[in-house]
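Notes to accompany the following structure.
The values are calculated or read from the model by the stated rules, or taken from the named source; none is laboratory data. Computed from a prediction, not measured in an experiment: that's the story for all the values here. Cβ placement follows ideal geometry from the backbone for every residue including glycine, while neighbour counts extend to all protein chains displayed.
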Amino acid sequence: MDRIPILKMGNLLLVSIQVDLQDQLALALQDDLSERIVATGARGVLIDISALEIVDSFIGRMLSTIAALSRLLDAETVVVGMRPAVAITLVELGLYMPGVRTALTLEHGLALLGAEVRVRLPEDEALVDLDADSAEVTDLGAGAAPNGRSALTEGAWSG
Amino acid sequence: MSAGRWTVAPAGGVEPTVERTERHPIVTEADVVRVRQIVRNLAVTAKMSLVDQTKMVTAASELARNTLVYGGGGSMTVDIVDNGRRRGIRAVFVDSGPGIPDMDLALTDGWTSGSGLGLGLSGSRRLVDDFAIESSPGAGTTVRIVKWSR
Ligand SMILES: Nc1ncnc2c1ncn2[C@@H]1O[C@H](COP(=O)(O)OP(=O)(O)O)[C@@H](O)[C@H]1O
Ligand SMILES: [Mg+2]
């Protein structure tokens, strides 16, 4: 069975759902993400659903479950890019996805995770400006971390 | 509640003219995805607004999954309908599964006999203009939904 790719960027995991999800694929993503959170010690999960034309109760439940699971594993989940028509439909469906944080864009989602990260950082010099424009945000994984680790270093988390 | 034949019909209205009819099997998860795409394409053809398309496709997705999971498989018949003033999409989901013993309960927000969120029937009812369901224990379930272009 196909899997949805999970990218690691620093201590974030990034998922972009680009296909019309079959239920089994959604369940597999749930399992894969929890494994990857544990394996990588990720502190944030960002899920891009901008390509999804609909979110029904099954996908909605998957997003809620991922958010709850990641929280138990000490990582925060943000869902980004929900289309307005999808949001309107979800409200009428009665699906409010409790516990799921949302942001309109990838940049806002990163900033949201960054803002939370900030609160936990013990030292000011470890701060990274995630409110930067997208070019700088892209730099986070590659440029700002020559050793392949994010500028949001490990160790900064231990406090 | 006693077992029996349950029908929840729409408020009323003229039986619309059918422009085209297609019947699609719902026996695998891939069929549920296909149902979404088919309904989307017809909704575009019927010139529905993006929000209405999204509502109709979401309702169809919920009902198709019920047909598969609870009905043990079945089919969807979908038409473009025309009542002389507006066009719309009508989708009818049919299975010959166990049926629904307590319709009031099944239509209650948040009630599920499985592990769902219990929003499929109640939620899709809100998303469409007409919602009719007929079920009797042992004789399967039929759900008909219509959404009109505005
Ligand atoms: N086609 C069907 N055949 C038999 N039972 C059904 C069918 N559709 C729905 N039901 C019953 O109605 C309940 C509510 O359905 P729904 O609102 O879609 O919620 P969910 O799918 O999350 O359980 C189901 O749990 C099931 O017991
Ligand atoms: Mg359902």
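Put simply, of B:60, B:64, B:43 the only residue that is within 14 Å of another protein chain (Cβ to nearest Cβ), within 11 Å of ligand 1 (Cβ to nearest atom), in contact (Cβ under 8 Å) with a residue 24 or more places away in the chain and among the aliphatic types (A, V, I, L, M) is B:64.
Number of residues in the stretch A:3-55 that are at pLDDT below 95, under 26 Å from residue B:59 (Cβ atoms) and among the charged types (D, E, K, R) equals 2.
Scanning the stretch B:94-132 for residues that are away from every other protein chain (no Cβ under 14 Å), touching a Ser or Thr at 6+ places or on another chain (Cβ under 7 Å) and within 23 Å of residue B:21 (Cα to Cα), which turns out surrounded by the fewest Cβ atoms within 10 Å (Cβ to Cβ)? My answer is B:94. Restricting the stretch A:46-71 to residues that are touching a helix residue (DSSP H, G or I) at 6+ places or on another chain (Cβ under 9 Å), assigned to a helix (DSSP H, G or I) and more than 14 Å from chain B (Cβ to nearest Cβ), the residue that is surrounded by the fewest Cβ atoms within 10 Å (Cβ to Cβ) is A:69. Only a single item in (1) within 14 Å of another protein chain (Cβ to nearest Cβ); (2) surrounded by 18 or more Cβ atoms within 10 Å (Cβ to Cβ); (3) away from ligand 2 (no atom under 14 Å from the Cβ); (4) not β-branched (Val, Ile, Thr) is not met by residue B:150, and it is number (2).
Note on the stretch B:133-147: residues that are away from chain A (no Cβ under 14 Å), away from ligand 2 (no atom under 14 Å from the Cβ) and under 24 Å from residue A:55 (Cα atoms) amount to 3. Residue B:85 falls short on exactly one of the conditions (1) under 21 Å from residue A:54 (Cβ atoms); (2) basic (Lys, Arg); (3) part of a loop (DSSP other than H, G, I, E, B), and that condition is (1).
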